[in-house]
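Peer 1: The structure's right below; bear with me while I get my questions together.
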Amino acid sequence: MDTELFPREPAQVAPGAAHVPGWLDGARQRELLTACRDWARPPAGLRTVRTPGGGTMTARQVCLGWHWYPYAYARTVRDGDGAPVKPFPGWLGELGRRAVAETLGPEQARAAAYDIALINFYDGDARMGMHRDADELSGAPVVSLSLGDTCVFRFGNTETRTRPYTDVELRSGDLFVFGGPSRLAYHGVPRVLPGTAPAWLGLTGRLNVTLRVSGFPDAT
Ligand SMILES: O=C(O)CCC(=O)C(=O)O
Ligand SMILES: [Fe+2]
């Protein structure tokens, strides 16, 4: 697998934005994939997201903790089968906090009580337009974990959907964290590279798990 001439190194892509290649080892990737397959099952399973303009997102999605739909959160799948959103597991929150501690430092990790996961499934033609993750009240860093096919992840700036941006290849097991001055940066997935998933993982396509802190009062 690691047959590249130049090994991929951890990189700071922008202030507060870090890419760590191969952060999840093979065993952890398999575990996360197994969990994603469970979460994708109905009720409150994988669904096609419709946007208010009448379009559909090409990546299909399932949420944990809080259900995201354009452009708000709810405790039930309001734009789908109406079922209660699946719970956000504690171990996933711990994984997120560890990701932040190792990239941005322990101070940033302390406040990061993750309670939302969005799991996106991309087949070969799926992509995601440039957007900001701006429906949360908390400014805690977003943690992104990738499984399966490699994609081009475009990480931009907080002002516009356009340049300047940096294109990063996210492969199976990679971690990307964006917080601090980059928390509201535009980002997207212009391309998935079909057939690039490691054969041992047994996944056709790409999965991305993003962890977020809602900052919502518990009673909502
Ligand atoms: O698939 C990715 O890498 C990004 C997903 C994303 O930006 C999101 O779910 O908001
Ligand atoms: Fe996003």
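The values are calculated or read from the model by the stated rules, or taken from the named source; none is laboratory data. What you are looking at is a predicted structure, and each value in this text was computed from that prediction instead of being measured. Every residue, glycine among them, receives a Cβ derived from its backbone with ideal geometry; neighbour counts consider all protein chains shown.
Peer 1: Could you please find all residues in the stretch 50-102 being of a type in the set (Gly, Ala, Ser) and farther than 26 Å from VAL192 by Cβ?
Peer 2: Within the stretch 50-102, ALA72, ALA74, GLY82, ALA83, GLY90, GLY93, ALA101 meet the criteria.
Peer 1: Out of GLY180, GLY188, which single residue is away from ligand 2 (no atom under 15 Å from the Cβ) and not β-branched (Val, Ile, Thr)?
Peer 2: So the residue among GLY180, GLY188 that is away from ligand 2 (no atom under 15 Å from the Cβ) and not β-branched (Val, Ile, Thr) is GLY180.
Peer 1: Another one. Among the residues of the stretch 41-72 satisfying the criterion of being of a type in the set (A, V, I, L, M, F, W, C) and over 17 Å from LEU211 (Cβ atoms), which is surrounded by the most Cβ atoms within 10 Å (Cβ to Cβ)?
Peer 2: Of everything passing the filter in the stretch 41-72, ALA44 is surrounded by the most Cβ atoms within 10 Å (Cβ to Cβ).
Peer 1: Further question on the same structure: What is the one condition in (1) more than 23 Å from LEU203 (Cβ to Cβ); (2) out of contact with any Lys or Arg (no Cβ under 7 Å at 6 or more places or on another chain) that VAL85 does not satisfy?
Peer 2: If we test VAL85 against (1) more than 23 Å from LEU203 (Cβ to Cβ); (2) out of contact with any Lys or Arg (no Cβ under 7 Å at 6 or more places or on another chain), just (2) comes out false.
Peer 1: Of the residues that make up the stretch 92-102, is at least one of a type outside the set (D, E, K, R), under 20 Å from ASP174 (Cα atoms) and in contact with a helix residue (DSSP H, G or I) (Cβ under 7 Å, 6 or more places away or on another chain)?
Peer 2: The answer is yes; a qualifying residue exists.
Peer 1: Within the stretch 131-147, can you find the residues that are buried (at least 19 other Cβ atoms within 10 Å of the Cβ) and either within 10 Å of ligand 2 (Cβ to nearest atom) or closer than 17 Å to VAL100 by Cα (or both)?
Peer 2: ALA140, PRO141, VAL142, VAL143, SER144, LEU145, SER146
Peer 1: Six or more apart or on different chains, Cβ atoms under 6 Å: show the pairs whose first residue is in the stretch 141-152 and in contact (Cβ under 8 Å) with a residue 12 or more places away in the chain and whose second is within 8 Å of ligand 1 (Cβ to nearest atom) and assigned to a loop (DSSP other than H, G, I, E, B).
Peer 2: That search, which allows pairs on different chains as well, returns VAL142/ASP133.
Peer 1: Cβ-Cβ distance below 6 Å, separation of 6 or more or different chains: which pairs start in the stretch 154-176 with a residue that is crowded, with 16+ Cβ neighbours inside 10 Å and end on one that is basic (Lys, Arg)?
Peer 2: TYR165/ARG154
Peer 1: Would you mind stating whether PRO84 is exposed (fewer than 15 other Cβ atoms within 10 Å of the Cβ), more than 13 Å from the chain's Cα centre (by Cα), at pLDDT 95 or above and more than 11 Å from ligand 1 (Cβ to nearest atom)?
Peer 2: yes
Residues are listed down the side, and each one gets a yes or a no for (1) assigned to a loop (DSSP other than H, G, I, E, B); (2) within 10 Å of ligand 1 (Cβ to nearest atom); (3) at pLDDT 95 or above:
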site: PHE121; (1), (2), (3): no, yes, yes
site: ASP135; (1), (2), (3): yes, yes, yes
site: ALA140; (1), (2), (3): yes, no, yes
site: GLY173; (1), (2), (3): yes, no, yes
site: VAL177; (1), (2), (3): no, no, yes
site: ARG191; (1), (2), (3): no, no, yes
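Peer 1: Follow-up. Return yes when ALA185 is part of a loop (DSSP other than H, G, I, E, B), within 25 Å of GLY105 (Cβ to Cβ) and modelled with pLDDT of 95 or more and no when it is not.
Peer 2: Yes, satisfied.
Peer 1: Taking the condition farther than 27 Å from ARG60 by Cβ and in contact with a Leu (Cβ under 6 Å, 6 or more places away or on another chain), does THR103 pass?
Peer 2: Against the criterion (farther than 27 Å from ARG60 by Cβ and in contact with a Leu (Cβ under 6 Å, 6 or more places away or on another chain)), THR103 does not qualify.
Peer 1: What are the residues in the stretch 180-208 that are surrounded by 22 or more Cβ atoms within 10 Å (Cβ to Cβ) and in contact with a helix residue (DSSP H, G or I) (Cβ under 7 Å, 6 or more places away or on another chain), if any?
Peer 2: LEU207
Peer 1: Exactly one of these conditions fails for PRO15: (1) within 16 Å of ligand 1 (Cβ to nearest atom); (2) within 23 Å of THR103 (Cα to Cα). Give me its number.
Peer 2: Among (1) within 16 Å of ligand 1 (Cβ to nearest atom); (2) within 23 Å of THR103 (Cα to Cα), the lone unmet condition for PRO15 is (1).
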